[in-house]
Amino acid sequence: MKEEGAFLTITELAGELGVAPHILRYWETRFPTLRPLQRSGNRRYYRPADVDLARRIHRLLSVEGFTVKGAQKALEDSDGPPPAAPPEEGASLLSRLQAIRDQFARAIGD
């Protein structure tokens, strides 16, 4: 299980929500604020704000019975989705993740 706030892959998020990955890709076309980071090979990484928005979309569509158009309107009428983290350059993000991994390895190695 990943820690709270960790980026999720499309497979992980789809599994959590109980939908197929293509449904998440479809939602990205209908809800412009749902924009995960995309890396090499178009791999999607959903930030915590993206995960929260996907959960809200899922709740509106699957639990509350909204249509896509109705869900779009409900999201527009609400306070809006949580602000997304600013996009980072891939190399910068990768170097930060490697530094965290190295720091963790040193901490458990002691």
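Each reported figure results from applying straightforward, stated rules to the coordinates on display, with no laboratory input. These figures come from a predicted structure and were not determined experimentally. Don't worry about glycine lacking a Cβ; one is built from the backbone with ideal geometry, like all the others, and counts go over all protein chains shown.
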Flagged in the range 37-51 as in a helix (DSSP H, G or I) and surrounded by 13 or more Cβ atoms within 10 Å (Cβ to Cβ), in numbering order, are Pro48, Ala49, Asp50, Val51
When the range 1-16 is examined, which residues are found to be buried (at least 18 other Cβ atoms within 10 Å of the Cβ) and outside any loop (DSSP other than H, G, I, E, B)? Leu8, Ile10, Leu13, Ala14
Selection status of Val19, surrounded by fewer than 16 Cβ atoms within 10 Å (Cβ to Cβ) and over 20 Å from Arg96 (Cβ atoms): no
